[in-house]
1. Under a GNM of the chain (C-alpha, springs under 10 Å), which listed residue has the highest mean-square fluctuation: Tyr40, Tyr250, Tyr100?
2. What does the helix-only formula give at 222 nm for the chain: each DSSP H stretch with n ≥ 4 adding -39500 (n - 2.57), the total divided by the residues, and the result rounded to the nearest 500 deg cm²/dmol?
3. For the chain, what is the relative contact order in percent, using Cα pairs closer than 8 Å and at least 6 residues apart in sequence?
4. Please report the net charge: other residues with Cβ closer than 15 Å to the Cβ of His133, K and R +1, D and E -1.
5. Please give the Cα centre distance for region 153-213 versus region 123-148, rounded to the nearest Å.
6. Considering the convex hull of the alpha carbon atoms of region 86-144, report its projected area averaged over all viewing directions, in nm², one decimal.
7. List the pair-distance distribution P(r) of region 183-263, using every Cα-Cα distance, as the percent of pairs falling in each 10 Å bin from 0 up to the bin containing the longest distance, rounded to whole percents.
8. How many percent of DSSP beta bridges within region 68-211 run antiparallel, rounded to 5?
Amino acid sequence: MGVYENCEQTYSDKELAPQHTESIVNYDSQPIVNAADRVYKLVESCSSDDVYGNNVQKAVSVLEECLQKYSLDEICIGFNGGKDCTALLHLYHAVVKRKYPGHQGKLKALYIKSKLPFPEVEKFTQISRDKYHLEMLHFEGRIKDSLGQLKANHPSIKAVIMGTRLTDPYSSHLEAFSMTDADWPQFMRVNPVLHWSYGHVWKFLRDLCLPYCSLYDRGYTSLGSMNNTHPNPLLQYVDEHGVLKYRPAYTLSDPTKERDGRN
Ligand SMILES: Cc1cc2nc3c(=O)[nH]c(=O)nc-3n(C[C@H](O)[C@H](O)[C@H](O)COP(=O)(O)O)c2cc1C
Ligand SMILES: Nc1ncnc2c1ncn2[C@@H]1O[C@H](COP(=O)(O)OP(=O)(O)OP(=O)(O)O)[C@@H](O)[C@H]1O
């Protein structure tokens, strides 16, 4: 059984709520409206030996530091619909709401579309844009080239908030604030969730009832393009009718296998 199998239901189970109300606890039907209150309550109530709570606390303080160093016009969040940046977007939204309660403007989000994006990812980025009131800065093609265009078209942007974790490829040397490599267009990479584990990301998304891309409920555990990403084989099973199916991403018990659906 996966670690979070007994947690509250996923966002996509929402329609089941009327029939199963007695089995559902703490469901938040307005997680985005309540973002700042719930995130800060979590952070303020966590004990020193709570690794998850401390990681959320650290992410909030990195975001607060980012907002001290840069104005909202100088910041964008790297958002491609993946789980890590989905958790991060919620945190960023919460911290901005707490620091600027009257803020009505749109937060900037960078989305570099891959050559063959999943329609589910495209749809989810649009849903998130609307729910979180984002100004999407859209680019297509290679990430490095797109960052060059970002610099040329949006010269005010100095920092990109990212959902990178230490276990991501080529990321073990990163810190909360790390400039892009010397041969890349120069931006400050802000990495609030660097120390989060795979399980922490899912605990955050599911405990706070946040919307996430539907592919994760169909066995995908990390998202690339349609031509290089498939459901994680470790989540495969055959149901009682002999049909091949996949368990949801949050049930993956070995986090080192997170990218086993990517090639
Ligand atoms: C804003 C931004 C800045 C990046 N900066 C660097 C960099 O300085 N050096 C580098 O090798 N890759 C950089 N990357 C690429 C990422 O490390 C990573 O390869 C890319 O996000 C694809 O990740 P994935 O394979 O998990 O989908 C950057 C990506 C983004 C979105
Ligand atoms: N194409 C992109 N456009 C904008 N930001 C991106 C893009 N690719 C990566 N990023 C940034 O880099 C971070 C790390 O990417 P990574 O692929 O590890 O995580 P993810 O996409 O959030 O989740 P998953 O691993 O499940 O796909 C993202 O969270 C996001 O902030």
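1. Tyr100
2. On the way: 6 runs with 81 residues, N = 263.
Per the formula, -10000 deg cm²/dmol.
3. Values: 394 pairs, mean separation 60.1, N = 263.
For the chain, the relative contact order is 23 percent.
4. Working: positive: Lys97, Lys106, Lys108, Arg129, Lys131; negative: Asp130, Glu135.
Taking every other residue near His133 into account, the sum is +3.
5. 15 Å
6. On the way: hull surface 18.1 nm².
Averaged projected hull area, Cα only: 4.5 nm².
7. Cα pair-distance distribution for region 183-263, in percent: 16, 40, 31, 10, 2, 1.
8. Numbers: 3 of 18 bridges.
Approximately 15 percent, going by the DSSP bridge assignments.
Since every read-out is calculated from the coordinates, none of them should be taken as a lab result. Note that the structure is predicted; figures quoted are calculated from it, not measured. Note that we place each Cβ from the backbone using ideal geometry, even for glycine, and neighbour counts take in every protein chain shown.
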